1. Quick one: residue B:74 ticks every box in (1) more than 30 Å from residue A:165 (Cα to Cα); (2) within 14 Å of chain A (Cβ to nearest Cβ) except a single one, so which number is it?
2. When only residues in the stretch A:126-136 that are more than 21 Å from residue A:11 (Cβ to Cβ) and under 18 Å from the mean Cα position of the chain (by Cα) count, which is surrounded by the fewest Cβ atoms within 10 Å (Cβ to Cβ)?
3. Of all residues being within 14 Å of residue A:47 (Cα to Cα) and touching a helix residue (DSSP H, G or I) at 6+ places or on another chain (Cβ under 6 Å) in the stretch A:82-115, which is surrounded by the most Cβ atoms within 10 Å (Cβ to Cβ)? Just the residue, please.
4. Hey, can you tell me all the residues within the stretch A:142-161 that are touching a helix residue (DSSP H, G or I) at 6+ places or on another chain (Cβ under 8 Å), surrounded by 14 or more Cβ atoms within 10 Å (Cβ to Cβ) and either facing chain B (nearest Cβ under 7 Å) or assigned to a loop (DSSP other than H, G, I, E, B) (or both)?
5. Output the number of residues of the stretch A:19-40 satisfying the condition of being within 7 Å of another protein chain (Cβ to nearest Cβ) and within 14 Å of residue A:176 (Cβ to Cβ).
6. If the requirement is being assigned to a helix (DSSP H, G or I) and closer than 18 Å to residue A:31 by Cα, which of these qualifies: A:127, A:94, A:173?
7. Mind checking whether some residue in the stretch B:45-56 is within 11 Å of chain A (Cβ to nearest Cβ), within 22 Å of residue B:177 (Cα to Cα) and in a loop (DSSP other than H, G, I, E, B)?
8. Would you mention how many residues in the stretch A:169-186 are more than 7 Å from chain B (Cβ to nearest Cβ) and either surrounded by fewer than 17 Cβ atoms within 10 Å (Cβ to Cβ) or closer than 19 Å to residue B:76 by Cα (or both)?
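The values are calculated or read from the model by the stated rules, or taken from the named source; none is laboratory data. Every value quoted in this text rests on a predicted model; they were computed, and no experiment measured them. Methodologically, a virtual Cβ is constructed for each residue, glycine included, from the backbone with ideal geometry; neighbour enumeration extends over all protein chains shown.
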């Protein structure tokens with residue numbers, strides 16, 4: 001059992017709908033690290049195939065988890081659950097290593113309207129099932145279709161009073177914390 | 001009727017528990033502007049008594065709402081609902097001007113555990129009551145006690161499986177979007 005989170009920087013779409021990579025944003029590490037810790041996420045993977053980006057993120061993680069920044073317990077506890085991964089596959093492998101089981105992959109995205117599983121059902125799966133779940137969040141203009149297609153669970157797009165076809169331009173940070181709250185909040 | 005949001009940079013607590021001011025963070029404008037627009041917030045006030053900060057924020061708002069940035073509809077629609085205010089009182093006054101009615105003030109904070117009103121009750125108030133509601137979010141180490149005391153509604157601290165006395169160090173951005181989703185999400 002366990003919930004895992006991955007923030008994906010490749011393969012994601014760019015503004016032209018092409019498969020692309022994005023750069024890691026520092027505030028994502030802090031906001032999602034802290035939110036992950038709040039909601040009991042087992043591990044938060046920062047997924048990027050770019051070596052230099054993984055090196056940089058690794059240095060930021062070490063600063064807060066073990067280095068001078070670890071004097072702040074709230075940051076230390078947030079960052080000691082963050083790991084870098086070169087690909088979604090590598091994150092899946094790490095979950096298998098940690099839990100001894102292959103995770104179910106759940107995807108999220110502003111355009112997911114059809115063939116989705118309601119949040120309440122996924123919450124029930126989390127509570128009852130033995131399988132770990134890996135939640136994928138796409139940066140840029142969202143996860144590439146190839147990622148959506150291989151997922152076991154598609155979560156519905158987050159929407160307000162206008163519904164999923166209205167304004168749907170939350171930051172990935174915002175969408176991710178809302179998904180965590182809907183699945184794991186009291 | 002209407003929901004209003006204010007991100008308060010004064011009076012808030014600093015790390016030593018003293019009443020203080022914080023600087024405005026650019027990513028807060030983008031994340032909360034977009035979340036406010038998603039959830040149908042009428043207006044999002046950025047509250048700071050510092051003239052230069054209000055000037056700077058005003059320039060950022062104009063860039064996206066009316067200037068070169070307005071070519072992006074998702075940013076334009078997010079920023080044209082953002083206003084600066086010099087104080088909470090000034091934000092309250094603006095709500096009264098816009099709606100013709102004094103708003104109920106709702107406060108939020110990681111330490112609010114006792115004497116709180118459940119989210120479901122506040123949602124019902126929003127749906128049934130004629131009064132506008134102004135949601136206040138504190139930056140830094142949270143809203144000053146004087147602000148908490150004068151509020152009409154105290155929302156419970158956001159918490160995960162550990163409960164409100166466990167790890168509770170969400171960013172104000174994360175806490176605010178979760179509150180919007182709990183009150184106004186489908």
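1. Status for residue B:74: all satisfied but (1).
2. So, considering only residues that are more than 21 Å from residue A:11 (Cβ to Cβ) and under 18 Å from the mean Cα position of the chain (by Cα), the one surrounded by the fewest Cβ atoms within 10 Å (Cβ to Cβ) is A:131.
3. For the stretch A:82-115, the residue satisfying everything is A:82.
4. Hits for the stretch A:142-161 are A:155, A:156, A:158, A:159, A:160.
5. Of the residues in that region, 8 qualify.
6. Going through A:127, A:94, A:173 in turn, the sole match is A:173.
7. Checking the stretch B:45-56: not a single residue is within 11 Å of chain A (Cβ to nearest Cβ), within 22 Å of residue B:177 (Cα to Cα) and in a loop (DSSP other than H, G, I, E, B).
8. 1
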